Amino acid sequence: MRYRCDRSEKVRVGVIGGGAVGLLTAYFLSAQHDVTIYVRRQEQKSVLIQQGVVVEPYVRKKSIKVKCIEDMVEPDIFLICVKSYHLPALLPSLESIRCPILFMQNGMGHIKWIKEAALPSNIGIAVFEHGVRKINDNKVLHTGVGRVRVGAFTEDDLDILHYVSLLHQDVFPFYQEMDWETVLQEKLIANAVINPITAIFQVENGVLLENPHLAWMAKKVCEEVATSLGQPWEKKWEYVKGIIQSTKENRSSMLVDMDHCRKTEVEEILGYLLDRAKEEIPYVHYLYHSIKALERQKRGDVEW
Ligand SMILES: NC(=O)C1=CN([C@@H]2O[C@H](COP(=O)(O)OP(=O)(O)OC[C@H]3O[C@@H](n4cnc5c(N)ncnc54)[C@H](OP(=O)(O)O)[C@@H]3O)[C@@H](O)[C@H]2O)C=CC1
Ligand SMILES: CC(C)(CO)C(=O)C(=O)O
């Protein structure tokens with residue numbers, strides 16, 4: 001589906017979450033649009049105001065508007081760049097918003113939260129295929145160039161696709177997709193393979209193809225996950241290998257969460273697969289418990 005649009009139109013974009021995905025997205029979009037980043041820590045706000053947004057390896061530092069989330073002002077479109085498990089706390093504040101909202105999360109866990117929230121129409125679901133690593137509160141490293149693939153959540157949400165066209169840039173491409181579920185499921189397979197294995201073995205994504213033992217594991221997990229979702233696994237393995245290649249220097253978001261002793265998105269990725277599987281998926285089961293065990297080890301007996 002393609003909407004005609006005037007690409008010179010300036011869009012007021014509110015990026016919620018100044019993490020890896022949020023800072024990278026804000027950096028690129030600010031070249032053409034009026035972007036505001038919403039953060040939840042005063043400390044991060046101050047750093048961003050004083051030092052601007054830095055995206056390595058690019059030379060130019062950018063000054064982008066920053067606000068605390070409590071001072072939210074409705075833009076033309078909100079891009080939600082927080083982790084899935086941040087959504088239950090954030091969504092109530094979006095229920096009074098009337099502008100389109102685009103969700104950028106991995107996994108499938110956020111879909112349930114979005115369905116349950118009383119959100120306005122024009123909801124989009126995005127699959128973010130770039131690799132990006134947060135270095136500190138104002139700096140990220142763009143480790144793999146990819147696409148942002150967007151579908152309208154329901155038939156009532158089609159107007160969001162107009163904004164997607166406006167946000168598209170050759171250097172930071174946005175694509176419209178007919179069916180977000182297929183695209184999100186494809187990315188789910190990639191994340192189910194890449195994220196837990198890289199987090200357990202503490203390696204960058206590319207090692208999954210360089211180390212023959214990890215490559216064996218990755219392929220087996222891909223086969224199991226794709227089959228459990230009723231998908232042809234050979235085709236999906238090609239897709240997963242493509243993502244590994246294009247983000248080979250990235251540390252996956254799950255590995256970064258482990259590095260910082262934070263909660264991971266294991267429930268939204270592997271937990272989702274276990275809940276919906278009709279047959280045993282032993283590799284996924286094993287990876288799920290491995291990540292849960294590592295989370296406990298890193299965080300102690302913390303209940304999330
Ligand atoms: N990193 C990657 O390469 C990729 C990530 N993704 C997906 O994108 C999503 C975001 O990931 P990523 O950017 O890596 O995550 P990060 O942990 O780097 O960033 C999440 C950010 O959200 C902020 N946040 C949480 N709640 C709120 C709130 N209520 N208001 C404002 N800000 C808030 C956090 O703030 P604070 O710092 O204060 O905790 C943090 O800065 C995830 O679902 C991930 O799976 C998808 C593809 C690639
Ligand atoms: C694309 C990829 C695999 C990049 O690392 C990712 O989605 C993640 O880290 O969560």
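The values are calculated or read from the model by the stated rules, or taken from the named source; none is laboratory data. All figures in this text were calculated on a predicted structure; none of them were measured in a lab. For neighbour counting, all protein chains shown are included, and Cβ atoms are generated from backbone atoms with ideal geometry for every residue, glycine included. These area figures cover heavy atoms from the full protein model, side chains too; ligands, DNA and RNA do not enter into them. Shrake-Rupley method; radii C 1.70, N 1.55, O 1.52, S 1.80 Å.
Which of the GluC sites (Glu not before Pro) found in the range 196-304 are loop residues per DSSP with 15 or fewer other Cβ atoms within 10 Å of their Cβ? Of the GluC sites (Glu not before Pro), the ones in loops of the range 196-304 whose Cβ has at most 15 other Cβ atoms within 10 Å are Glu249, Glu279, Glu280, Glu303. Long hydrophobic helices in the chain, taken as whole DSSP H segments with a C-alpha length of 15 Å or more on their own axis and mean Kyte-Doolittle hydropathy at least -0.5: 180-201, 212-228. Taking the inverse of the mean 1/r over every pair of distinct Cα atoms in the range 12-178 gives a Kirkwood hydrodynamic radius of 15.8 Å. In order along the range 64-71, phi translates into HN-Hα couplings of 10, 4, 9, 9, 7, 4, 5, 9 Hz, rounded to whole numbers, per the Karplus curve 6.51 cos²θ - 1.76 cosθ + 1.60 with θ = phi - 60° and x for Gly and Pro.
In terms of distances greater than 20 angstrom between alpha carbons, the cross-link table entries Lys45/Lys298; Lys83/Lys292; Lys187/Lys220; Lys65/Lys263; Lys220/Lys278 yield Lys45/Lys298; Lys65/Lys263. Summed over qualifying helices (DSSP H, 4 residues or more, each -39500 (n - 2.57)) and divided by its residue number, the chain shows a 222 nm mean residue ellipticity of -12500 deg cm²/dmol.
Dividing the convex hull volume of the alpha carbon atoms of the chain by its residue count gives 132 Å³ per residue.
Each residue of the range 183-296 gets 89 Å³ once the volume of the Cα convex hull is shared out per residue.
Working note: Debye formula, equal point scatterers on the alpha-carbon atoms of the range 84-153, no solvent; log10 I(q)/I(0) at q = 0.13, 0.24, 0.26, 0.27 Å⁻¹ is -0.45, -1.10, -1.16, -1.19. Calculated accessible area for the chain comes out at 46 Å² per residue, all protein chains present (probe 1.4 Å; ligands, DNA, RNA ignored).
Dipole orientation for the chain: of the candidates Pro57, Leu90, Ile269, Pro57 has the Cα lying most toward the positive pole (charges on Cβ; Lys, Arg +1; Asp, Glu -1). Output the relative contact order of the range 1-117, whole-number percent, from Cα pairs under 8 angstrom with separation of 6+ residues. Contact order relative to length: 26 percent.
Using the Cα coordinates of the range 215-282, the gyration tensor eigenvalues translate into equivalent-ellipsoid semi-axes of 22, 18, 9 Å, sorted from longest to shortest. Across the chain, the longest piece that holds none of the trypsin sites (Lys or Arg not before Pro) lying in DSSP loops with up to 10 other C-beta atoms within 10 Å covers 99-277. Straight-line cross-link reach from Lys61 at under 15 Å between alpha-carbon atoms covers these aspartates and glutamates, not counting any fewer than eight positions away in the same chain: Asp137.
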